[in-house]
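Read the structure below first, then the notes.
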Amino acid sequence: MRVIAVINQKGGVAKTTTTANLASALARSGKRVTVIDLDPQGHLATYLGVNERRLAGVDRLLLADESLSSVTMDVRDNLTLVPAGSNLDAVEQMTNGRLAKSKLLKQVINESLTDQDYVLMDCPPASGLLDIFALYAAKEVLIPVNGDHLSLHGLSHFIGTLKKVESVLGHKIPLHIALTRFHPRRRLARDVMQKLLEYFPGRVLATPVRETAALAECPSFGKTIFEYRPRSVGANDYRQLAQDLELGRTM
């Protein structure tokens, strides 16, 4: 089972888009996939067509010790969702039991999802407890980075956080980088790609996900790109990116 935190402490880099479509691509290829929404905004559920306002989810898991099975729902063939829950933001306000809760998420995943091939965690755009919990539970990290310099700054900040967590855990967490919202004709985007290749050799997945209107539109319909525009550039890119992740293909 591969447990992957999809994370970048900068917003607007397509974390939720990447989590939803990557998970869908893997599920469509026959892999058993669970997605866990660790962002209190709860956009992952909406992306997958789940629009109930007061869902129980990770909030109940972390705050009320409910079982994972009680907050998990099937959303597609081979794809299950653990939504954020309406009270997940309360986790960031915790003052007691932080260490135990950080271990709880990892324990629940390792004990309850052993039949899954992939677990993808959609993380919030902040350096808070939920990100730390995700890193403690993760066996790998996937960082979406779009083609601008602010995204590089966000990546640099996150690498500092990752190193601190690794020092506590006592081991390295394998790192992958996905280029998202990519404009191949823009010089800035190409410059960012070259810097990533320079500083993270062998870590940048082979397929850049190009910016398309269809990727921006499909969440409003509760559909993945494969359901909304199956022959689009976005669908092809995420299909290829899933294969890159599975096979370890990099630039």
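Quick notes on this one:
- Test: residue in region 43-56 that is under 17 Å from Tyr136 (Cβ atoms), basic (Lys, Arg) and either buried (at least 24 other Cβ atoms within 10 Å of the Cβ) or free of Cβ contacts under 8 Å to residues at least 60 places away in the same chain (or both): no
Residues checked against (1) at pLDDT 95 or above; (2) among the hydroxyl-bearing types (Ser, Thr, Tyr); (3) surrounded by fewer than 17 Cβ atoms within 10 Å (Cβ to Cβ):
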residue	(1), (2), (3)
Ser67	no, yes, yes
Lys101	no, no, no
Leu113	yes, no, no
Val119	yes, no, no
Ser127	no, yes, yes
Gly147	no, no, no
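- Residue that is nearest to Glu140 (Cα to Cα) [pool: residues in region 194-217 that are without any contact (Cβ under 8 Å) to a residue 24 or more places away in the chain and either assigned to a helix (DSSP H, G or I) or more than 20 Å from the chain's Cα centre (by Cα) (or both)]: Pro201
- Out of Ala206, Ala235, one residue alone is surrounded by fewer than 20 Cβ atoms within 10 Å (Cβ to Cβ), among the aliphatic types (A, V, I, L, M), at pLDDT 95 or above and farther than 26 Å from Asp131 by Cβ. It is Ala206.
- If you check Val82, Val165 for being buried (at least 19 other Cβ atoms within 10 Å of the Cβ) and modelled with pLDDT of 90 or more, only one passes: Val82.
- Sole residue being of a type in the set (A, V, I, L, M) and in a strand (DSSP E or B), chosen from Ala189, Ala178: Ala178
- Only one of Asp115, Asp74, Asp89 that is out of contact with any helix residue (DSSP H, G or I) (no Cβ under 9 Å at 6 or more places or on another chain) and closer than 19 Å to Glu52 by Cα: Asp74
The values are calculated or read from the model by the stated rules, or taken from the named source; none is laboratory data. Small disclaimer: the values here were computed from a predicted structure and weren't measured. Reconstructed Cβ throughout: ideal geometry from the backbone, glycine too, with neighbour counts over all protein chains shown.
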